[in-house]
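What follows is a short report on a single structure.
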Amino acid sequence: MKYKLTITDENGNEHLYNVSRSSCSEKTLNNFILEALQISEDKRELPVKIQCPNGLEVAPSIKMKFENYGSPILGDKLEAIHITWRD
């Protein structure tokens, strides 16, 4: 099943996104987005935090992980998306 999300930015521009649930055994960003959308609208306004093993709470950042910790400049293949506590 594919979901079509339309997001309107602060300038009134509409952006269309297609999100589909993955049958992959690993959690994908699409699955994470669909899971987050199940949270009630009022709760989605709350801050998102990541709790570190030492108890510190920080805002998440999204990073790209390339094969062998490489670089897109070098033509390395994108391997995963990381949601991390570092900027």
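For region 34-51, the tally of residues that are more than 19 Å from Ile81 (Cβ to Cβ) and surrounded by 10 or more Cβ atoms within 10 Å (Cβ to Cβ) stands at 3.
For first residues located in region 73-87 and loosely packed, with under 12 Cβ neighbours inside 10 Å, partners that are part of a loop (DSSP other than H, G, I, E, B) and lie 6+ apart or on another chain with Cβ distances below 9 Å form the pairs Lys77/Gly70; Leu78/Pro72; Asp87/Ala59. Of the residues making up region 56-66, one or more are modelled with pLDDT of 90 or more, among the small types (Gly, Ala, Ser) and not in a helix (DSSP H, G or I).
The values are calculated or read from the model by the stated rules, or taken from the named source; none is laboratory data. Just so it is clear, the model here is predicted, and its values are computed rather than measured. Reconstructed Cβ throughout: ideal geometry from the backbone, glycine too, with neighbour counts over all protein chains shown.
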